[in-house]
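J.: Sharing a structure here in structure tokens format.
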Amino acid sequence: ISGIYIIDKYQNLGIGTDIIKELIRNADEKKLNIRLQVLKVNPKAKLLYERLGFDIYNTTDTHYQMIYKLNKST
């Protein structure tokens, strides 16, 4: 994922959640993992990704690097 930006007045309406859920469905069908990074100064986005099944696999000074793995047991 390169970037998802929701204009302030449209945030908290489930739009971001719907976009990510659709990406997850597509990745599951293709048996692919999804990687992304989120700015550390954006805790709401980090919580969204964690709620949808993403895990942190690395951090930088400015970002959390996260992954959604198709098979969570491995």
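The values are calculated or read from the model by the stated rules, or taken from the named source; none is laboratory data. Since this is a predicted model, take the numbers as computed values, not measurements. Neighbour counts run over all protein chains shown; Cβ positions are idealised from the backbone, glycine included. Heads up: the accessible areas ignore ligands, DNA and RNA and are worked out on the full protein's heavy atoms, side chains in. Shrake-Rupley method; radii C 1.70, N 1.55, O 1.52, S 1.80 Å.
J.: Can you spot a residue in the stretch 40-56 that is part of a loop (DSSP other than H, G, I, E, B) and among the charged types (D, E, K, R)?
T.: Within the stretch 40-56 (the criterion being part of a loop (DSSP other than H, G, I, E, B) and among the charged types (D, E, K, R)), the answer is yes, since at least one residue qualifies.
J.: A further question on this structure: If I ask for residues that are in contact with a strand residue (DSSP E or B) (Cβ under 9 Å, 6 or more places away or on another chain) and either more than 19 Å from Ile15 (Cβ to Cβ) or open to solvent by 80 Å² or more (accessible area, probe 1.4 Å) (or both), which ones from the stretch 40-65 would you list?
T.: Within the stretch 40-65, Lys40, Asp55, Ile56, Tyr57, Asn58, Thr59, Thr60, Thr62, His63, Tyr64, Gln65 meet the criteria.
J.: OK, next. Do you know which residues across the stretch 6-24 are open to solvent by 80 Å² or more (accessible area, probe 1.4 Å) and either assigned to a loop (DSSP other than H, G, I, E, B) or over 18 Å from Met66 (Cβ atoms) (or both)?
T.: Once the filter is applied, which keeps residues that are open to solvent by 80 Å² or more (accessible area, probe 1.4 Å) and either assigned to a loop (DSSP other than H, G, I, E, B) or over 18 Å from Met66 (Cβ atoms) (or both), the stretch 6-24 yields Ile7, Asp8, Lys9, Tyr10, Asn12, Leu13, Asp18.
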